[in-house]
Every structure is written in C-alpha cells, then in structure tokens.
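Read-outs throughout are calculated quantities, based only on the coordinates presented, and are distinct from any laboratory measurement. Since the structure is predicted, the reported quantities are computational estimates derived from the model, not experimental observations. Neighbour counts run over all protein chains shown; Cβ positions are idealised from the backbone, glycine included.
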Amino acid sequence: MSNTALIKFDEKEISCPVIVGTEGEKAIDARNLRKDTGYIFYDQGYGNTGSCESAITYLDGDNGVLRHRGYPIEQLALYSDYVETAYLVIYGELPNLKQRNKFSELLAENAAIGTQMQRIFDGFPESAPPMGMLTSIVSSLAAYYPQYATNNFEQDLKTFDLAAPMTISRIRTIVAMIYRYRHGLPFIHPRDLPFCDNFLHMMFSDPYVAYTPIPEVTRALNLLLLLHADHEQNCSTSTVRMVASSGANMFTSISAGVCALSGPLHGGANSAVMHMLQSIHDEGDDGTRFIAAAKSGTKGNRLMGFGHAVYRNYDPRARIIGKACDELLNRLGKSDPLLDIAKHLEQAALHDDYFLTRKLYPNVDFYSGIIMRALGIPTDMFTVMFAIGRSPGWIANWKEVASNTKGRIYRPRQIYVGATKRDYTPLDQRR
Ligand code: SDX
C-alpha cells in the first residue's frame, strides 16, 4: 500500500503523505494542501475529515465496533462499571485497586456544590429547561474554581488529576440539583455512597427518608452512563476540542460540549425518541403511519433514535441497552407500552428498504429513554443524563488537546459564496 496519495488538478500533481492509524484507518495528510496548491477540501459536516489523531475511542461504523482504549464496549458493559470506564477513558488504562479507590474517593469528596455556587439556581425559573440550566451552571465552574481553570495548559494539567473527577462528580450533582429545583424539592446533600447510588440518593431521597435503590436499578444506571462515556469525534466532543484548541480551560471547553449536546440530532434525541413513542401510543398507532412519515426524509419527521453519522450498522450500544430494558422491567415487575412500540418500530424499519438501503439502524438513543423512565427519571432530564455519561470522554479529549505541544488552534476554512467586491452606496442613493 502506498504511503502517499497523488492529487492531480490543473495539469499539476501533488503527493500528500498517507497517515495510517493503529486500526488501519487511512487519511490523506492535507496539512500542506492550501500552502502548496491554493486549494482546500470541501467536506460539509466533516464526515470525511479527520480533525485530530486520538487514542481514546475507536469506532468501526461499518461493522458496529466500539472500543475504549482497545477494550470492546461489550466487555466493558459486562464486566466494568461507569467509574472504572471513566478512569479508563481518561487515563488510558484500567485502574488497579489503589487507583480505583483514589479515583472513587475524589469523586465522593468533590460531590457537593458550594453554598455560593448553589445561589446560581435561584436565578432560574423553576420551569427552566434542564439543559438551559446545565449549560450555564457547568460554565460557571470556571468562575467558582478558577484555580483549575487558568487557561494555561501547563498549569491546568498540573491540577488535572483533581479537576477531572471533580468535573464528573459536580456535573452529576448539578443534574440531581436541577431535578430537585425544578420540582420545588429541597436539595439533598451527597453522602459517602458509590457514584450512581449517590446520584439516585440526591435525586430521590427526602430529607427524612433516604431512597435506597435495589441493586438492579443502580446497575442499570451504571450501564447507561458507561455506554455514554465517550464516542470518538461526535458533535459535542469535537466542540470540546475546538474550544480547547484556543487554550481554554477544561470547564469552559466542556460547557461548550454541553451546549452542542442539546440539539435534537445529538444528545436531544433520547427525549425526542420518547416524545415520538408517546405520540404514537396516544394516537393508537402501531408506528406504521409514523414510519411512512419518516420515509419522507424531512428532518422534522425523522425516526428519532435511528440512523447515525458513523454507524452504517447496529450501534452496539443500542443492542446492549435494548437487552437491559427487558431485564430491568422484568426485575421491577413493570411493563412499558412504549417499549413494545419501540420494538415494533425497530422490526418494521429493519424490514423496510428505505431504512435498509440508507443503512439506518437503532442508535444509542433509541432505547435509553425506556431505561431512564423505568428509573423514574423524567423525559426532560434525559439529555442532562447523557451529559453525565459523556463527561469522561469530554475530559479525556480536552486532555489530549492540552497535552499536545504541537497542537494548533482549530480554524477550518470555507468557500465564500457571498457578494463579490462592490463599493459603498450613500444612504440617499439607495433605492
Ligand atoms: C447521537 O456522532 C455520534 O457519535 C453521536 C452519538 C454519540 O454517542 O455521541 O452516537 C449520539 O447523537 C446519536 C444520534 C442521535 N440522533 C438521532 O437519533 C436523530 C435521528 N437521526 C438522524 O437525524 C440522522 O441519522 C443523524 C443526524 C444521526 C445522522 O445524520 P447523517 O449521517 O448526516 O445522515 P443524513 O442526514 O445525511 O441522512 C442520510 C439519509 C437521508 O435520506 P436521503 O437524503 O439520502 O434520501 O438518511 C435519511 C436522510 O433523510 N435519514 C433518516 C434518518 N436519518 C437519516 N430518515 C429517517 N429517519 C432518520 N432517523
């Protein structure tokens, strides 16, 4: 295989180096293309463009492969938990017992939000959308903890081993506080509990009666967060890297990631799936009418939770979550008509040429809402839950940018299609 790519145009020919990754992915190194030719590549949505080299997550969209630091997601889902996977995503290796305990201690020690910072909540109406609150409050971490957010990579990397677990822990606590605030409930202080138990405690305990989840509930939440831990250069993670490339601190970069996550085509899809399933249920439809509308291809009618910018096969996370839905509902002795509708939709779509020819399969969001609903988490809190899960991936990507001494600020080019040069017209001469 050649290690250069020849590009011919205007009777000229240039050769570009080819970069090959550890899994055999190939890229044409176009870093000198504009300097050498005056040309740029045009790739709307960057679907064919690599913005970085990364060692965190590997995706093979054609074969539905997802690995974090080389470990298949199926094995992590079976044997690991969210805290351990978060450590793996951030530090690159599974923790030994000492490392695991230290990381867990830091998560527990940094679970509480200070009284000054709690005052932010008072500035929001109780009806405020959870993601609107989360984006604002996460970005305020840089204001309340400036010692970890100096915007000097060398300095911020020195405090990284405390700032990283603090960020994961605080985002978890902020999400629980958002839930309490929006339901007019008093904040519940964290206790010395494992990560997910502490979250459920802060969400559902009362000041006088502690909420004690059954192990299956904690395990389901662990699995859900683990499956969201990282996912290569998705929209929100790329946003984190984009902001970090300017030298911005981790809190600020991650708050930009939270903003990017809020869109319905990305992190907002999990709640959009539930609204879709609920409307199908309320119409008494079996999904047939909805699938017909989804095939119109208009963005507003899409089958939410289906399709993916990278997977042209089943999202491996969707398989795992789909199975976990049945297990959790069976253990809770619950049934959910929306799960039955989801399964019918899945089967109908997977036998429909429109979806098959476009290689549209269920993604992580298709079933995740069913689990969160079974845990008692309201639909409008689904996307902020995604943010808890994804925080390790955002942190790990920020660290890759901050540690790259040869890194450059992200500055894509464009093709200008506006007005060509024209002279100013005084107001009295304009029609
Ligand atoms: C996440 O990137 C990540 O890794 C994200 C994520 C992560 O972990 O970070 O995996 C999390 O965001 C998952 C995706 C959640 N979003 C949704 O479920 C929203 C519904 N899905 C789509 O909007 C869409 O599939 C995207 C946005 C996910 C992917 O869009 P693409 O790759 O840009 O696909 P496209 O818009 O170019 O569509 C290709 C064709 C089009 O039809 P034609 O123009 O060829 O006729 O497929 C059609 C689209 O109309 N299509 C759909 C569809 N998704 C694509 N048609 C109906 N329903 C859908 N869901």
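Values computed for the structure shown
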item: Cα shape, segment 4-65, gyration tensor, a/c 1.5 rule; result: prolate
item: Förster radius 30 Å - calculated FRET efficiency between Ala27 and Ala292 (Cβ-Cβ, nearest 0.05); result: 0.15
item: Helix runs (DSSP H) in the chain reaching 30 Å along axis by Cα, Kyte-Doolittle at least 0.0; result: 160-182, 382-403
item: For q = 0.24 Å⁻¹, Debye-computed log10 I/I(0) when each Cα of segment 266-320 counts as one equal scatterer; result: -1.09
item: Convex hull of the chain built on C-alpha atoms - directionally averaged projected area, nm²; result: 27.9
item: Using distinct alpha-carbon pairs, which all enter the 1/r mean, Kirkwood radius of segment 256-400 in Å; result: 15.7
item: Amide N of segment 320-361 lying under 20 Å from the label point, which is placed 7 angstrom from the Cα of Asp282 along Cα→Cβ; result: 336-343, 345
item: Residue-count net charge about Arg34 - beta-carbon cut-off 15 Å; Lys, Arg +1, Asp, Glu -1; result: +2
item: P(r), alpha carbons of segment 75-201 - 10 Å bins starting at zero, rounded %; result: 11, 39, 34, 14, 1
item: Built amide H within the under 5 Å cut-off of Val65, gap 5+; result: Asp60
item: Cα principal axis extents for segment 286-368, largest first, Å; result: 38, 27, 21
item: Principal axis box of segment 181-302, alpha-carbon based, largest edge first, Å; result: 51, 47, 28
item: FRET E, pair Ile409, Asn151, Förster distance 22 Å, beta-carbon r, rounded to 0.05; result: 0.95
item: Cβ-Cβ FRET estimate between Glu105 and Asp340, R0 fixed at 51 Å, reported to 0.05; result: 0.75
item: 5 angstrom amide H check on Ala5, placed H, neighbours 5+ away; result: Cys16, Val18
item: Average silhouette area of segment 52-142, convex hull of alpha-carbon atoms, in square nanometres; result: 9.2
